[in-house]
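Scroll down for the structure; my scribbles are underneath it.
Nothing in this text is a laboratory measurement; each read-out follows from the coordinates by a stated rule. None of these values were measured; they are calculated from a predicted model. Here the Cβ positions follow ideal geometry from the backbone for every residue, glycine too, while neighbour counts run over all protein chains shown.
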Amino acid sequence: MNAPFDATAALGRKPQTHPAPDHQIAVIGLGYIGLPTAALLASYGWSVCGVDVSRKVVDTVNAGGVHIEEHDLDKLVRDAITARTLVASTEVPSASFYLIAVPTPLGQNNAPDISHVEAAARAIAPRIRPGACVIVESTSPVGTTERVAQIISELRPDLVVPREGATGEADIALAYCPERVLPGRIVNELVHNDRVIGGVTPACAERAAVLYSSFVKGDCFCTTARVAETVKLVENAFRDVNIAFANELSMIADVIGVDVWEVIRLANRHPRVNILQPGPGVGGHCIAVDPWFLVAGAPEAARLVRTAREVNDHKAVHTEARIRALLEAMPHGKVALLGLAFKPDIDDFRESPSLAIAEALARTDGERILVVEPFTKDIPEPLAGTGARLVTLDAALRAAEIVVVLVDHTAFKHLGPEDLSGKLVFDTRGMLQR
Ligand code: SAJ
């Protein structure tokens, strides 16, 4: 992974009239994006300090370990810690680049909660020196980078902080560069995906591009911070709207009595039609969340985006109702729920519709629920104590009269008619057809 890259030369754009920073890069937030990014940058020769509020996370990383499962991440972190290019801390150091990768959850009434980004800006402000560059990577409502500028400027009146449209030289740079990586392929996509780099001013974008061009093999496109913030939200809203179309089709197909998988397969033979796949709902911490940030920015205008969110959320309710109908049709039968993760072949259960469905069913019919999830050793917390049991696929197939495919994990794909004969089968993913 190491490439010949002279990080110090890349930083030497302004004469350093102040003491050398503690690190070249500080990554604030060591989660699904921050930790892989910190380790990757360290593997490219930068001196990186990963910062997290959790002492446990910091200790794990400093011991060369990882607290999240992601392909290739454990070796990347171990090597960077061994090479001492990566260190973790609960304190924000002084650095030439600050990369903010903290969560931006949904608050009350689906309103964006940027309090972690604001807290990161407040933590950076006392340590930032002239010449440094702050980059927000967290998926954020439009205007968040300007809010970071405002916080730093209030806390550091001694610095000229760049503002949109302002002319003249600023003391620091500020930019927004959204992550676009797919869980399960994060390390690979960090390197190979194109990046959109939005500067508060064009000079800010240029400064941030120094960092990304050191490790990104895709193209880097410079624009304004507001455009870059919008691009990120639009990408995930686009996917959500398209999945909503597939999910709505599946519910229409239930009413009119046609096979949705056959309909989609044949419609997709049209040269300009490409319908996505229905499922039990939409999960994960991105597609199920980010479109609300667009809605919050323009509530009256974002009608389709809002409706798509509602359709996808409703698909989980619809799926639960269909499983309850099967339980009623077979009053003494057990149901095997195959998969709880938010999508196939990952161990991520965040905002998982499958887990939410399993939890709702377990609350009323726990003793009848057998869960099969190859990506966990223990039954997930929401199901604990309900009577639902985590069992192997073989055990579930022996004991259950009803089989529901919630996630099309590779471990289930060998299932054929002989494994399911005599059972009521509900395949929310169309896996058995494929
Ligand atoms: N899903 C369907 N049907 C489909 C495709 C997906 O039901 O045809 C469901 C999945 O099962 C899952 C959900 O949608 O529950 C989201 O999965 P995903 O694979 O579409 O996306 P994520 O959440 O893993 O990652 C997305 C990606 N965004 C886009 O593809 C536009 C990724 O590139 C982003 O970096 C990521 O969100 C993020 O962090 O924002």
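Some values worked out for this structure:
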| quantity | calculated |
| --- | --- |
| Pairs of alpha carbons in the range 7-218 whose separation is greater than 26 Å (percent) | 29 |
| For peptides 187-199, 351-363, 301-313, sequence by mean Cβ density within 10 Å, most packed first | 351-363, 187-199, 301-313 |
| Normalised contact order of the range 132-257, rounded percent, pairs of Cα under 8 Å and 6 or more residues apart | 25 |
| Potential extension, HIS71-ASP347 segment - 0.36 nm per residue separation minus Cα distance | 98.3 nm |
| Unit charges at the beta carbon, dipole of the chain: most positive-side option, VAL92, THR82, ILE197 | ILE197 |
| Relative contact order (percent, whole number), the range 234-427, Cα cutoff 8 Å, 6+ residue spacing | 20 |
| Net lengthening on full extension, GLU328/ALA384 (0.36 nm per residue, minus Cα-Cα) | 17.8 nm |
| Ascending count of other beta-carbon atoms within 10 Å, so fewest first, for GLU418, GLU146, GLU381 | GLU418, GLU381, GLU146 |
| Sequence of HIS67, HIS332 once ranked by neighbouring C-beta atoms within 10 Å, starting from the fewest | HIS332, HIS67 |
| Cα→Cβ-extended label distance, 7 Å offset, between ARG163 and VAL234, nm | 2.7 |
| Relative contact order computed over the chain (Cα-Cα under 8 Å; 6+ residues apart), in percent | 10 |
| Fewest-first sequence of LEU406, LEU211, LEU420 by Cβ atoms within 10 Å of each Cβ | LEU420, LEU211, LEU406 |
| Reachable lysines from LYS343, criterion Cα separation under 26 angstrom, eight or more residues apart if same chain | LYS75, LYS232, LYS315, LYS334, LYS377, LYS413, LYS423 |
| GLN108/ALA321 FRET efficiency (R0 25 Å; Cβ-Cβ; nearest 0.05) | 0.35 |
| log10 of Debye I(q)/I(0), alpha-carbon scatterers only, for the range 117-269 at 0.16, 0.19 Å⁻¹ | -0.87, -1.11 |
| Descending semi-axes in Å of the range 237-347, equivalent ellipsoid built from Cα gyration tensor | 26, 19, 14 |
| Percent breakdown of C-alpha pair distances by 10 Å bin, ordered from the shortest bin, for the chain | 4, 20, 27, 23, 16, 8, 2, 0 |
| Selection from ILE124, ILE172, TYR32, by position along the positive dipole direction of the range 7-218 (Cβ) | ILE172 |
| In the range 235-308, the GluC sites (Glu not before Pro) that fall in loop regions by DSSP, at most 11 other Cβ within 10 Å | GLU300 |
| Label-point separation, GLU367 to VAL53 (7 Å along Cα→Cβ), nm | 4.3 |
| Cα coordinate range in the range 234-427, projected on the principal axes (Å, largest first) | 50, 37, 29 |
| Estimated dipole of the range 7-218 in Debye, rounded to 20 [Cβ of Lys and Arg +1, of Asp and Glu -1, Cα centre] | 340 |
| Selection of trypsin sites (Lys or Arg not before Pro), the range 65-159, meeting DSSP coil and at most 12 other Cβ within 10 Å | ARG84 |
| Nearest-20 debye value, the chain charge dipole, Cβ charges on Lys, Arg, Asp, Glu | 420 |
| At R0 = 51 Å, FRET efficiency that the Cβ-Cβ distance of GLU300 and LYS423 yields, to 0.05 | 0.55 |
| Residue-count net charge about ALA253 - beta-carbon cut-off 10 Å; Lys, Arg +1, Asp, Glu -1 | -4 |
